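For reference, the structure is listed below as structure tokens.
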Amino acid sequence: MRIELTINGERREADDVWEGESLLYALRERLGLPGSKNACEQGECGSCTVYLDDTPVCSCLVAAGQAHGRDVTTVEGLGSGEQLHPVQQAFLERGAVQCGFCTPGLIVSTHDLLERNPSPSDPEIREALAGNLCRCTGYEKIMEAVRSAAEVQR
Ligand code: FES
Ligand code: FES
């Protein structure tokens with residue numbers, strides 16, 4: 001089937017999408033957007049997190065067909081042009097990126113948290129990022145990055 005959707009503000013389409021195909025697969029393999037990562041494909045790790053309309057979802061659990069006619073924002077769409085979004089910049093500056101597999105999902109989830117709550121407490125940050133697993137950083141650098149991004153955005 002063909003799907004038509006808006007991705008990062010741009011009208012896009014993909015052909016030959018099969019019914020069981022995930023949005024994550026379509027983004028990475030058909031639409032040239034490899035930012036969202038496939039680490040578990042089971043909804044467990046959050047590395048594939050994107051916005052579907054205004055809601056963060058695990059794109060590995062969403063059928064590509066369900067995104068037809070809707071708005072998707074991926075980690076590639078958060079900054080503007082070459083300019084990184086403050087959340088992306090904070091992750092870079094605070095050393096919150098090691099292998100980077102978890103990073104796109106963490107950045108989308110942090111972006112969503114700070115949209116809803118510009119001054120999150122540490123427990124609120126932990127709760128908001130509970131669905132995003134990182135195997136490398138021990139989370140402290142990630143916490144620092146989120147606090148720093150919140151400060152910059154305020
Ligand atoms: S790849 Fe989707 S949650 Fe892990
Ligand atoms: S930086 Fe490697 S999984 Fe998080």
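For the reader, a short list of remarks on this structure follows.
- D by Stokes-Einstein for the stretch 2-93, Kirkwood Rh over Cα pairs, 37 °C, 0.692 mPa s: 246 µm²/s.
- Estimated at 0.36 nm per residue, the fully extended path between Asp16 and Asp71 surpasses their Cα-Cα distance by 17.8 nm.
- Segment Asp53..Val152, full-extension length gain: 33.1 nm, with 0.36 nm per residue of separation and the alpha-carbon distance subtracted.
- Residues whose placed amide H lies under 5 Å from that of Ser36, excluding near-sequence neighbours: Val75
- Probing with 1.4 Å while keeping every protein chain in the model, the per residue accessible area of the chain equals 51 Å².
- ³J(HN,Hα) computed for each position of the stretch 77-83 - Karplus, 6.51 cos²θ - 1.76 cosθ + 1.60, integer Hz, glycine/proline x: x, 7, x, 10, x, 7, 7
- For the chain, calculated [θ]222 nm from helices alone, where every DSSP H run of n ≥ 4 adds -39500 (n - 2.57): -8500 deg cm²/dmol
- Between Leu129, Leu24, Leu84, the GNM of the chain built on Cα springs shorter than 10 angstrom shows Leu84 fluctuating the most.
- About its Cα centre, the stretch 3-77 has a charge dipole of approximately 180 debye under the convention of +1 per Lys or Arg Cβ and -1 per Asp or Glu Cβ, with nothing else charged.
- Sequence-ordered 3J(HN,Hα) estimates for the stretch 56-65 from the Karplus curve with 6.51, -1.76 and 1.60 and θ = phi - 60° stand at x, 9, 7, 5, 6, 9, 9, 5, 4, x Hz, glycine and proline given as x.
- Using a simple spin-label model with pseudo-atoms 7 Å out from Cα toward Cβ, Glu115 and Ser80 lie 1.6 nm apart.
- Scoring 1-14, 103-116, 55-68 by mean Cβ neighbours within 10 Å over their residues and listing the highest first yields 103-116, 55-68, 1-14.
- Each Lys and Arg contributes +1 and each Asp and Glu -1, all at the Cβ; summed about the Cα centre of the chain, the dipole is approximately 320 debye.
- Carbon/sulfur fraction of accessible area - the chain, other protein chains in place, 1.4 Å, %: 45
The values are calculated or read from the model by the stated rules, or taken from the named source; none is laboratory data. It should be emphasised that the depicted structure is a prediction, and the values quoted were computed from it without experimental measurement. Counting neighbours? That spans all protein chains shown, and the Cβs are built from the backbone with ideal geometry, glycine included. These accessible areas exclude ligands, DNA and RNA; they are computed on the full protein's heavy atoms, side chains included. Shrake-Rupley method; radii C 1.70, N 1.55, O 1.52, S 1.80 Å.
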